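Accompanying notes for the structure given below.
The values are calculated or read from the model by the stated rules, or taken from the named source; none is laboratory data. Note that the coordinates shown come from a computational prediction; the quantities given were computed from them, not determined experimentally. Note: ideal-geometry Cβ built from the backbone for every residue, glycine included; neighbour counts use all protein chains shown.
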Amino acid sequence: MSNDAPLPSPKTGSRSTLWLVLAVCLAPFVASFVAYYFYQPQGRVNYGSLVDTQKLPVEPLAQAAGGGFMLRQLEGKWIFLVVDEAACDAYCEKKLWQIRQVRKTQGKYPERIERLWLLTGDGEPDERLRREYDGTWMVRAGSSALLGALPHEGSVKDHIYLIDPLGNLVLRYPRDADPSRIRKDITRLLRVSRIG
């Protein structure tokens, strides 16, 4: 008489193998379903608020120094846009300084970025500001459609806007935006962009 335990029947072994293979095959589908419907990540990559992408109006405007201006002159470049009065207060200067510094930090790519100051009201920018922010397009807004197309919370003067090389408004930065985080956004965009 033998002491060996009885061997499992071949049917029992193949059935458990079949269930194991089925579980392995279905696991990715179940995991993706759960992740899609029940896991909502809270973080985002960009700092600026994405706005509904819209082509900004193209209309003739006037430069503060004289001469005409059209937004399409800057197509092919990324554009930081700020809106403020010619009698620039401390917050206005802060925005101008931030966009100048962010542009300067782009290493070999600063020429891919333009700066546009849309002037509201009458008056002329101070000569000191013209010198200090040389290279910034200073353009009179008047009652332009461009000014009306800028989405804002509070005042339109609170924000810094980013326009893509095709003339679409894409990002809006809040009042007192962190320039290092703006820099990260534009660095990332310049790295992945095939245009501008």
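Is it fair to say Gly48 is within 25 Å of Arg191 (Cα to Cα) and either crowded, with 18+ Cβ neighbours inside 10 Å or not small (Gly, Ala, Ser) (or both)? Yes. Restricting region 106-152 to residues that are surrounded by fewer than 16 Cβ atoms within 10 Å (Cβ to Cβ) and of a type in the set (Lys, Arg) leaves a set whose member that is farthest from Lys94 (Cα to Cα) is Lys108. Among the conditions (1) closer than 24 Å to Thr187 by Cα; (2) more than 18 Å from the chain's Cα centre (by Cα); (3) free of Cβ contacts under 8 Å to residues at least 12 places away in the same chain, Trp117 misses just one, which is (3). Take the residues of region 126-152 that are assigned to a loop (DSSP other than H, G, I, E, B) and under 20 Å from Pro179 (Cα atoms): which is nearest to the chain's Cα centre (by Cα)? Residue satisfying both the conditions and the ranking: His152. Can you spot a residue in region 153-172 that is part of a loop (DSSP other than H, G, I, E, B), surrounded by 13 or more Cβ atoms within 10 Å (Cβ to Cβ) and touching a Leu at 6+ places or on another chain (Cβ under 6 Å)? Looking through region 153-172, at least one residue is part of a loop (DSSP other than H, G, I, E, B), surrounded by 13 or more Cβ atoms within 10 Å (Cβ to Cβ) and touching a Leu at 6+ places or on another chain (Cβ under 6 Å). Against the test of being acidic (Asp, Glu), part of a helix (DSSP H, G or I) and over 20 Å from Leu171 (Cα atoms), the options Glu93, Glu59 yield a single qualifying residue, Glu93. Checked against the criterion of being surrounded by 17 or more Cβ atoms within 10 Å (Cβ to Cβ) and either within 18 Å of Ser193 (Cβ to Cβ) or in contact with a Cys (Cβ under 6 Å, 6 or more places away or on another chain) (or both), region 83-93 contains one or more residues that satisfy it.
Whenever a residue of region 181-196 is at pLDDT 90 or above, its partners that are acidic (Asp, Glu), lying with C-beta atoms within less than 9 angstrom and at least six residues away or across chains, give the pairs Leu189/Asp164.
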